Structures are given as structure tokens and as C-alpha cells.
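See structure below.
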Amino acid sequence: MTTETQFPATVDVAVIGGGIIGASTALALARAGVRTALFEKGTLACEQSSRNWGWVRTLGRDMPEVPLAVRAHQLWTDIQARVEVGYRRNGLVYLHENEADAAANETWLREARAHGVQAEMLGRDAALRLLPQSERAWTGGMYSAGDGVAEPQIATQGVAALAREAGAMIYEGCAVRGVEKTAGRVDTVITERGAVRAQAVLVAAGGWSRLFCGNLGVEFPQLKVRGSALRTEPFDAGVSLAINGKDFTVRKRADGGYTVSQFSASLAEIVPDSFRLMGKFLRTWIANNALVRLRFGPRFFEELAIPRHFPADRETPYERCRVLDPAPYARGIDQAWNRLVHAFPVFRQTRVAQSWGGYIDVTPDAMPVMAPITQAPGLFLASGFSGHGFGIGPAVGETMAALIQGKQAPVDVRPFRLERYA
Ligand SMILES: Cc1cc2nc3c(=O)[nH]c(=O)nc-3n(C[C@H](O)[C@H](O)[C@H](O)COP(=O)(O)OP(=O)(O)OC[C@H]3O[C@@H](n4cnc5c(N)ncnc54)[C@H](O)[C@@H]3O)c2cc1C
């Protein structure tokens, strides 16, 4: 853990959360000469940003996110040129087994091309040539040679190192307990090390953003889904691109192994917020019931014990839980592994080295909020990335830095306003 020795009394911008979103925003702000301090309750990337699959993709995104995904590749390239984050454009393919999937992807790609996505539809033979190791009868795929991956274990730390170099102050093991206002405007963060005055405050607190905003009287409809993944020992299967095989996913890692999972290795644990937000999420649950399983378990009581309103002058839930570290959903990742081995028998030659879980923060429309909070002037929110915020992280940082400085954002941010849930 690294911690600055000096603790500031005043900054221009305080960033809450040291995941890829907070670190990328701190980098963009510091490069613009804005005096920025980032506060992380645990260690950098201790939650979602180190636990994800590592995909950096333009493919398959909701259209409003596509410009961010295209821009993110340019920014990852620049970051990788300065610090090792494991970013490489090895290609990414969504494989098909039926005409309906192919038609849906073709329709998506037609629209996405207008926003700068470069990809192609592959027929059966082209898919076979791309993946000769596979023994499954794919009918084709949607392939982007320019999509790729970065390494979640080092990426946020790399971005944070660049932010520090540019002048940002980064405090790990330092929870922000709340904020204070003067004349209705947020102008101070209360951290466990003391108060820091700031002209603007960004909440980039991942799965904690709903609690943080709620404590200030701002309603942010966000739940958490438990995702899981595994990695193999170092091994060469002859596969270097990232693959979405619909019921499994696999991608090559910089350490020589592979990260394996599936979209349906996800559990939506029933918690008190599930009932409070049922009206907003019901349609999403129904639409995704093949991918996300609803579960009742101990998490209900853990979240029930977390107060929704609390003062900032004593220990808060953020200090009581420094790192959300759920167990992996064993059945979901076992299934993914078996399906991978079935499709690519070459994987029988390796072993599973590790598996892990991570809470994914989700919104009702599976798109993030990236916006100023009109109810609380001075406060900004960048959260709810719904399982796909890692790849676009640097572009989100650039966008949030522009919004915070009152400048024109590089992408259209209207679809990301909080008010869409009102
Ligand atoms: C299993 C899994 C697979 C995924 N796969 C992909 C993928 O392949 N590609 C992709 O693009 N995305 C993927 N994602 C999603 C991606 O990881 C997230 O969208 C992204 O990391 C979100 O970043 P963040 O900075 O918003 O949140 P986080 O990384 O969760 O960071 C938030 C930080 O805020 C800190 N914090 C919270 N409250 C406070 C407080 N009060 N004070 C101080 N600090 C606080 C937390 O400790 C945490 O470190 C996946 C996620 C998971 C779990």
C-alpha cells in the first residue's frame, strides 16, 4: 500500500474510489493541471477493477457506450506506451451457433460502424480458420481484430502511477465517510484522516456508490451481482484472442494462463435493496433470467445490518468492510470450464490454478451514470458500469474530468444522466 505523507487541507477535486474509474479521472484531471486527491478505503483496484476478465472491447456494447469504447483504445495505447498495463489488441470474437445470433450481431454491427467500430462478420469457414483448435460446430462469429485486453491486476495501479506523476495525490486505506455542504453546495469530504475542502467531489465508489449517495439523500438505483472467474496455469493452447463462446468466455493472460468464465456465472443475491428497487429492476431480471440467477443467502442479513444513514464523525461501513471479497460461484465457473474444454479439448492439458468472485455494480438499464448530481451541486457520479466499465475506464476518466471542469465532454453524455431513473 502506498500513501502520500502529506495530507491536504484543500484540493480542487476529491475523487472517492481507487478503481479504474477513479484512477482514470484523477489522471485526466491531474494532466489538466487540476489539483486532485483520490481516496481509496482499501487498496487501489481491490474490488471490481482487479477481479474482472480484462476485456477491452467495442463489440456488443449499448450504442451510447460505443464512442467511449472507441476512444478508450486510443487512451489505453497511450497509457501502455508509458507504463505496463498489459494492454494488447489481440482480437475478440463473439461466436455464433445459430442464425438468430448472427442476425442480431449483424444488425448491431451495422449501427456500430457508424460510431467507429471496426469489425467483421465471419462465416463458418472463416471462424474455423480463426480458431482451428475448436471442435464445436460454430456457424460463424462477429470479430474485431482491434479489440483486446488489459491486465486487471496491474492496470489501475499503472494508471494511478501516471496520475501521481502528473501531480495527483492518492491515499489508500483512507475511506471517505461523507461530505459537507456550504450554502447547499458540496465543498468538503470527510475522510477517516480528516476533512479536505474541494470545489468538486466525484463519487466513483463502484458497488458502494448507492450507499454513499443515499446517505446524502440522493437516490441511485444500483444493485450488486456476484460475478466469478478462474485462471489456468501458464499454458499455450494456441489461442491468443478473447472469445465469447456464448456459454463460456476465455482470454489469454499476460502471465501465460487463461481467464475463463461465462456470463451466467453470475448470482443476483437477494438483499433488502432488491425489494426497494424491485420496480426499477424487474424488467431487467426477467430479460436476463437465463444469465443471472436470483439467490437468497447470508448476504441479505449482511446488507440488512449496514445502516443507510450514518454520521461522518465516527467509523462508517466503508471502514468496517475495506474490501468486498465474495466467494466464487463454483457451479457457474465449473460449467464454464467444462464447456470450454468441450469446445477446445486442448485445454485438457492444463489445470485450474485459481478462482475468484467479485461484486459487479449494476443499474436497471445496464448503463452507467456519468453526470453532475443536480440535487447536490458540486457532486459528480461515475458509477453503475454493469460489468463493462474496465475497458472503457480511461475514456470515462477523460469524460468525467471534462464534466468536472465544466468543459465540453468528448462524447455525448446525455444518455448517462441520473435523472433517467426518476
Ligand atoms: C468478474 C467480473 C468480470 C468483469 N469483466 C469485465 C470485462 O471483461 N471488461 C470490462 O470492461 N469490465 C468488466 N467487469 C466490470 C469492471 O470490472 C467494472 O465495471 C469496473 O472495474 C468498475 O470500476 P469502478 O472504478 O467503477 O469500481 P471499483 O473497481 O469497484 O472501484 C471502486 C472503489 O471505490 C472504493 N470505495 C468505495 N467506497 C469508498 C469510500 N467511501 N471511500 C473510499 N473508497 C471507497 C472501493 O474500495 C473500490 O476500490 C467485470 C467485473 C467483474 C466483477
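Using only the Cα atoms of region 96-145, what semi-axes does the equivalent ellipsoid have when each is the square root of 5 times a gyration tensor eigenvalue? Give whole Å, largest first. All intermediate terms of the calculation are to be shown ahead of the outcome.
Working: eigenvalues 89, 32, 7 Å².
Over the Cα atoms of region 96-145, the semi-axes work out to 21, 13, 6 Å.
Per residue, what volume in Å³ does the convex hull of the Cα atoms of region 314-378 enclose?
On the way: hull volume 12.0 nm³, N = 65.
Taking only Cα atoms, region 314-378 has a hull volume of 185 Å³ per residue.
Residue by residue through region 70-85, what is 3J(HN,Hα) from phi via Karplus (6.51 cos²θ - 1.76 cosθ + 1.60, θ = phi - 60°)? Round to whole Hz and write x for glycine and proline.
5, 5, 4, 4, 5, 6, 4, 4, 5, 5, 4, 5, 10, 8, 6, 10
Among Phe301, Phe39, Phe344, whose mean-square fluctuation peaks in a Gaussian network model of the chain (Cα, cutoff 10 Å)?
Phe301
What's the FRET efficiency of Ile270 with Glu99 using the Cβ-Cβ distance as r and R₀ = 30 Å, to the nearest 0.05? Let's see the in-between values first.
Numbers: r = 37 Å, r/R0 = 1.22.
For Ile270 and Glu99, the calculated efficiency is 0.25.
Ratio of region 166-285's C-alpha Rg to 2.2 N^0.38 Å, to two decimals?
Numbers: Rg = 20.5 Å, N = 120, 2.2 N^0.38 = 13.6 Å.
Here the Cα radius of gyration is 1.51 times the empirical estimate.
As a test of reading the structure, rank His388, His115 by solvent-accessible area (1.4 Å probe, protein chains only), most first. Intermediate values should be presented prior to the final figure.
On the way: His388 35, His115 80 Å².
So the residues, ranked largest to smallest area, are His115, His388.
Using alpha-carbon positions, what is the distance between the centroids of region 3-38 and region 170-190, in Å?
13 Å
Hey, how many Å between the Cα centroid of region 304-319 and the Cα centroid of region 346-422?
Going from one Cα centre to the other spans 24 Å.
With the full set of protein chains in place, find how many percent of the accessible area of the chain is carbon and sulfur; take the probe as 1.4 Å.
Numbers: 8940 of 17190 Å².
In the chain, the share of accessible area belonging to carbon and sulfur is 52 percent.
So what J values fall out for region 322-339 if you push phi through Karplus, 6.51 cos²θ - 1.76 cosθ + 1.60 with θ = phi - 60°, rounded to Hz, Gly and Pro as x?
For region 322-339, the Karplus-derived couplings read 5, 9, 6, 9, x, 5, x, 8, 4, 5, x, 7, 4, 4, 4, 4, 4, 6 Hz, x marking Gly and Pro.
Rounded to whole Å and sorted largest first, list the principal axis extents of the Cα atoms in the chain.
66, 45, 38
Which value, in Å², gives the accessible area per residue of the chain when a 1.4 Å probe is used on the protein heavy atoms? Kindly include the intermediate steps, with their values, before the conclusion.
On the way: 17190 Å² over 422 residues.
Dividing the accessible area of the chain by its residue count gives 41 Å².
Roughly speaking, what is the centre-to-centre gap between region 56-95 and region 118-156 when only Cα atoms are used, to the nearest Å?
14 Å
Calculated from DSSP H runs of 4 or more alone, at -39500 (n - 2.57) each and per residue, what is the 222 nm mean residue ellipticity of the chain, nearest 500?
Value at 222 nm, helices only, nearest 500: -8500 deg cm²/dmol.
Please compute one quarter of the surface area of the Cα convex hull for region 100-197 and express it in square nanometres.
Numbers: hull surface 49.5 nm².
Quarter of the Cα hull surface area: 12.4 nm².
The values are calculated or read from the model by the stated rules, or taken from the named source; none is laboratory data. Values in this document were obtained by computation on a predicted structure and should not be read as measured data. Note that each Cβ is placed from the backbone with ideal geometry, even for glycine, and that neighbours are counted across all protein chains shown. Side chains included, ligands, DNA and RNA excluded: accessible areas come from the protein's heavy atoms. Shrake-Rupley method; radii C 1.70, N 1.55, O 1.52, S 1.80 Å.
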